[in-house]
Amino acid sequence: MNKIVLIIQREYITRVRNKTFMLVTLLAPLAYGLLIMIPVLTAKYANSKKVVAVVDESGKFSNLSVNDNDLVIYNPHQTMDQVQMAYKAKDSDFYILHIPQNFDVYHPAGIELLSRKNAGVFFKGTIDTVLEHQISNIRMQAMHIPKTTIDSLHSEIDVSVRKITDKGTEASSSGATTAVAYAGGFLIYMFIFLYGSIVMRGVQEEKQSRVVEIIISSVKPFQLMMGKIIGIAMVGLTQVLIWVVLTFIFSSIGGQALGGHHAAEQMAANQGGQKMEAMQNAMSALGTLPIGLIVSMFLFYFIGGYLIYSSLFAAVASSVDSQAEMGQFVLPISLPIIVSIASISTIVQNPDGPFAFWMSMIPLTSPIVMMARIPFGVPAWQLALSMVILIGSFIVSVWLAGKIYRVGILMYGKKTSWREIGKWLFYK
């Protein structure tokens, strides 16, 4: 046991003191903070006002308008030739909306949007929406329906989502739940591959350099494998905890920097302000989730999934002589976790279905799938069963990986196959 502790200390201290570890640990939260601030800054400073001149030869769109501070639609009451002459002196954010004389609101076709550059898909969608709304009004007016009646037909519904509990009901958020489900699953997927590949690369480097032959003279192969796996797991936990703390600090600093009184007034006056308000509402919605349970289960499934996959990766790395040979063994092992991340959208749509249930019980897929289910609420017995199966599977996988590792780590010059690895499991 003391030897395993020494190996854990060596793996942990060596990797934590590495300059690459320090740079990645410090820069990753900064990059995350920039990803959060960039959309806000672009919404605040990068929005340019677009001007659309309407050449309405049909005479049916004289009162065309839009409720958007970044878009101006006006009718210059000029011919197409006159507007095009004036267009030459305009900048690239000037557009011409041409409505032909024979335009039929019951068979809408022939409207053109002209500009020096290609219009963006969202901008075109805005123009389409404005025209569709105006055409609907024209059709209803032709039926002699009063404008007040037309206005009353348009309504916006925002259904309030609440969760039923033993104590009554409490606020909930479908958007926040879905976002956390995707984020939890993706982070587990990323961390398992990230730290699992570190174990695999470390085992392969030690085998190729023959350093392992010296180490094996002092410790058992199983002790070496377990020390390496646990040591790198501790490195991963350290890095994740630092990321959480630094991300919170950078997000708070960024929020204060962007939350000044003048900036808030300016952003509230345009579409960027609406986006910022939506982001703030989303952050508030996170408070409706069981954050404590989600964080604790994230750590459990991260550690459990990592220990299973890293032990299998270590066994594979010990059984081959080069990186090129490793691919044929890594892909079959990685398929379950790849399938689980590819299925996450299906899981989110039906988190209580039979497919989601069984995928959250299979130990090779449960770390990702269960993290996608937990924000929606999982029965306690299902969560407990999944955790017990994961722990049991880790013990079995480490036992099998240890039997492969002890033979493969000293095997050189022989091409390995799945059949050969199967034989190693029965060596005494």
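What do you reckon, is Leu364 modelled with pLDDT of 90 or more, touching a helix residue (DSSP H, G or I) at 6+ places or on another chain (Cβ under 8 Å) and buried (at least 19 other Cβ atoms within 10 Å of the Cβ)? So Leu364 fits the description; yes.
Looking at this structure, is Gln349 surrounded by fewer than 16 Cβ atoms within 10 Å (Cβ to Cβ), free of Cβ contacts under 8 Å to residues at least 12 places away in the same chain and not small (Gly, Ala, Ser)? Yes; evaluated as a whole, the condition is true for this residue. For region 367-382, a residue qualifies if it is open to solvent by 30 Å² or more (accessible area, probe 1.4 Å) and in a helix (DSSP H, G or I), and the qualifying residues are Phe376, Ala380, Trp381. Specify the residue that is nearest to His107 (Cα to Cα); the eligible residues are those in region 119-136 that are open to solvent by 60 Å² or more (accessible area, probe 1.4 Å) and charged (D, E, K, R). Applying the filter and picking the extreme gives Glu132.
If you go through region 219-239 and keep only what is farther than 10 Å from Ile7 by Cβ and open to solvent by 40 Å² or more (accessible area, probe 1.4 Å), you end up with Lys220, Phe222, Met234, Leu237.
Being open to solvent by 40 Å² or more (accessible area, probe 1.4 Å), closer than 30 Å to Trp358 by Cα and over 37 Å from the mean Cα position of the chain (by Cα) is true for just one of Leu400, Leu385, Leu410, Leu425. Which residue is that? Talk me through it step by step, then tell me what you get.
Working: Leu400 fails: over 37 Å from the mean Cα position of the chain (by Cα); Leu385 fails: over 37 Å from the mean Cα position of the chain (by Cα); Leu410 fails: closer than 30 Å to Trp358 by Cα.
Answer to the selection: Leu425.
Being part of a helix (DSSP H, G or I), among the β-branched types (Val, Ile, Thr) and modelled with pLDDT under 85: is that true of Ile36 here? Yes.
Listed by first and then second residue, the pairs with beta-carbon distance under 9 Å, at least 6 apart or on different chains, first residue in region 323-337 and free of Cβ contacts under 8 Å to residues at least 12 places away in the same chain, second crowded, with 16+ Cβ neighbours inside 10 Å and not in a helix (DSSP H, G or I), are Gln328/Val320; Leu335/Leu364. Condition first: modelled with pLDDT of 80 or more and either among the basic types (Lys, Arg) or open to solvent by 50 Å² or more (accessible area, probe 1.4 Å) (or both). Can you find one or more residues in region 314-332 that meet it? Yes, the conditions are met somewhere in region 314-332.
The values are calculated or read from the model by the stated rules, or taken from the named source; none is laboratory data. Please read all numbers here as calculations on a predicted model, not as lab measurements. Cβ coordinates were reconstructed from backbone atoms using ideal geometry, including for glycine residues, and neighbour counts include every protein chain displayed. Side chains are part of the model used for accessible areas, which takes the heavy atoms of the whole protein and leaves out ligands, DNA and RNA. Shrake-Rupley method; radii C 1.70, N 1.55, O 1.52, S 1.80 Å.
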